[in-house]
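Here's the structure, in structure tokens; my notes come after.
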Amino acid sequence: AKRLADWRRADLESLTPPQLAAVLKQVTRERPQDPEGFRYRGLVQAAAQNPVAAVQALRRATALAPDRVDIWQMLGEAEIVEAGGKVDADAQAAFRRVLELSPKDPGARFYLANAKAEAGQRTEAAGELRALLAEMPAADGRRQIVAKALAELEGRPAPSVDDGQLAMIQGMVSG
């Protein structure tokens, strides 16, 4: 208890992800109706390499704030990590909810197309990625990520993607 109290008084930037997760766990116990606390707890649990706890926290956040696209996006991504990189049924459900709230969301569309590809529906997946690519602005850096996924799906050489663009995969869901 003393250690946790010390962490709560500390500069949060000095804490490790597991320490920060412990602090946020206590905070969410104190404020169980605050979706932001659970959202942050999910982020921190993911940074602490604990995808199961991240998913649990983000599920609680979506229950508290069912119309928050950003939380559903994060939940979908956490579900993918928990499933070992696969867009499983839970991740698909989260991304379908994103599309209910934001029908043109590129991140959700990208991940759902990947789910189809994983399920062997390569033609449908390629069509969805082509449609997504056609709707993305020319200056959108995420275009190369979508183009790479489409090329790999079609068995063509993938266009090169630099490190900065790879980092944009995380940004895919931020719109």
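The values are calculated or read from the model by the stated rules, or taken from the named source; none is laboratory data. Remember, predicted model here, so these are calculated numbers, not experimental data. Positions of Cβ are generated from backbone atoms using ideal geometry, with glycine treated the same way; all protein chains shown enter the neighbour counts. Quick note on the areas: whole protein, heavy atoms, side chains included, nothing else; ligands and nucleic acids left out. Shrake-Rupley method; radii C 1.70, N 1.55, O 1.52, S 1.80 Å.
Report Rg/Rh for region 74-116, rounded to two decimals, where Rg is the Cα radius of gyration and Rh the Kirkwood radius. Rg/Rh: 0.93. Selection among Val44, Ala125, Gln26 by position relative to the dipole of the chain gives Gln26 as farthest towards the positive end (Cβ unit charges, Cα centre).
Within the full protein context, the accessible area of Met136 is estimated at about 20 Å² for a probe radius of 1.4 Å. Placing a pseudo-label 7 Å from each Cα along the Cα-to-Cβ vector at Leu4 and Ala158 gives an inter-label distance of 4.3 nm.
The dipole here belongs to region 17-92: it is taken about the Cα centre, uses +1 on the Cβ of Lys and Arg and -1 on the Cβ of Asp and Glu, and is about 280 debye.
Dipole magnitude for the chain: about 460 debye, using +1 per Lys or Arg Cβ and -1 per Asp or Glu Cβ, origin at the Cα centre. Seen from a random direction on average, the alpha-carbon convex hull of region 1-77 projects onto 4.9 square nanometres.
Ordered by solvent-accessible area of protein heavy atoms (1.4 Å probe), largest first, the residues Asp105, Asp90, Asp34 come out as Asp90, Asp34, Asp105. Each Lys and Arg contributes +1 and each Asp and Glu -1, all at the Cβ; summed about the Cα centre of region 50-102, the dipole is approximately 100 debye. Taking a quarter of the surface of the Cα convex hull of the chain gives a mean projected area of 11.0 nm².
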